[in-house]
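Below you will find the structure I want to go over with you.
The values are calculated or read from the model by the stated rules, or taken from the named source; none is laboratory data. Only a predicted model underlies this, so the values are computations on that prediction, with no experimental measurement involved. Here the Cβ is made from the backbone with ideal geometry for all residues, glycine too, and neighbour counts use every protein chain on show.
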Amino acid sequence: MSEVRELYQELIIEHSKKPRNFGKLDGADHEATGFNPLCGDKVTVYVKLDGNVVREIRWEGSGCAISSASASLMTERSKSKSLTETDALFQIFHKLVTGGELEEAETAQLGKLAVFSGVKEFPVRVKCATLAWHTLRAALEGTKTVTTD
């Protein structure tokens with residue numbers, strides 16, 4: 001196994017065992033719950049906006065290591081971003097995990113989210129990696145629930 005892939009796996013394990021921004025966010029402006037029936041992952045995302053900027057974001061739920069790590073890293077990367085930036089990040093992340101071609105500038109925007117590049121090799125795991133992202137999008141759009149299928 002390459003050293004880079006090993007580091008990526010370690011980061012995913014770290015975030016799944018010690019997730020960042022985990023727990024309910026009191027006073028959230030937006031909230032949605034997502035479910036992946038294939039894997040059993042379930043996540044609720046809470047967002048507090050300041051105008052069109054994500055001021056606070058938290059999540060809670062249960063699932064596989066990829067799902068939990070993705071939610072953890074998503075919250076870290078989305079905090080203090082505008083809604084436009086958050087949506088652009090979703091698009092880039094989705095392209096990453098589904099095997100789309102990324103431009104150099106897009107890759108730079110991913111930061112630690114690049115650890116999920118290997119997910120494209122396991123199509124059934126794409127839904128695990130994107131569940132929290134789809135749930136965040138649903139929360140911001142005012143949809144209360146989302147199911148990946």
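May I ask you to say which residue of GLU104, GLU85, GLU121 is surrounded by 15 or more Cβ atoms within 10 Å (Cβ to Cβ) and acidic (Asp, Glu)?
GLU85
Pairs please, first residue from segment 41-52 and without any contact (Cβ under 8 Å) to a residue 12 or more places away in the chain, second anywhere and surrounded by 16 or more Cβ atoms within 10 Å (Cβ to Cβ), Cβ atoms under 9 Å, 6+ apart in sequence or on different chains.
ASP50/GLU56
Pick from segment 20-38 the residues that are modelled with pLDDT of 95 or more and closer than 19 Å to ARG125 by Cβ: which of them is surrounded by the most Cβ atoms within 10 Å (Cβ to Cβ)?
Ranking the candidates gives GLY34 first.
Next question. Filter segment 42-65 down to the residues that are surrounded by 22 or more Cβ atoms within 10 Å (Cβ to Cβ) and at pLDDT below 95 and list them by number.
Of everything in segment 42-65, just one residue is surrounded by 22 or more Cβ atoms within 10 Å (Cβ to Cβ) and at pLDDT below 95, namely GLY63.
Of all the residues that make up segment 99-149, how many are modelled with pLDDT of 95 or more and of a type in the set (Ser, Thr, Tyr)?
2
Would you mind stating whether SER16 is in contact with a His (Cβ under 9 Å, 6 or more places away or on another chain), touching a residue at least 12 places away in the same chain (Cβ under 8 Å), among the small types (Gly, Ala, Ser) and not in a strand (DSSP E or B)? It would help to see each step written out before you state the result.
Numbers: in contact with a His (Cβ under 9 Å, 6 or more places away or on another chain): no; touching a residue at least 12 places away in the same chain (Cβ under 8 Å): yes; among the small types (Gly, Ala, Ser): yes; not in a strand (DSSP E or B): yes.
No; evaluated as a whole, the condition is false for this residue.
In segment 91-127, how many are touching a residue at least 24 places away in the same chain (Cβ under 8 Å) and of a type in the set (S, T, N, Q)?
Number satisfying all stated conditions: 2.
Also, I was wondering about something else. Would you point out which residue out of VAL53, VAL45 is closer than 15 Å to THR135 by Cα and among the hydrophobic types (A, V, I, L, M, F, W, C)?
Testing whether each residue is closer than 15 Å to THR135 by Cα and among the hydrophobic types (A, V, I, L, M, F, W, C) leaves just VAL45.
Between a residue in segment 132-149 that is within 14 Å of LEU89 (Cα to Cα) and any residue that is acidic (Asp, Glu), which pairs come within a Cβ distance under 8 Å, given they are 6 or more apart or on different chains?
These pairs meet every condition: ARG137/ASP87.
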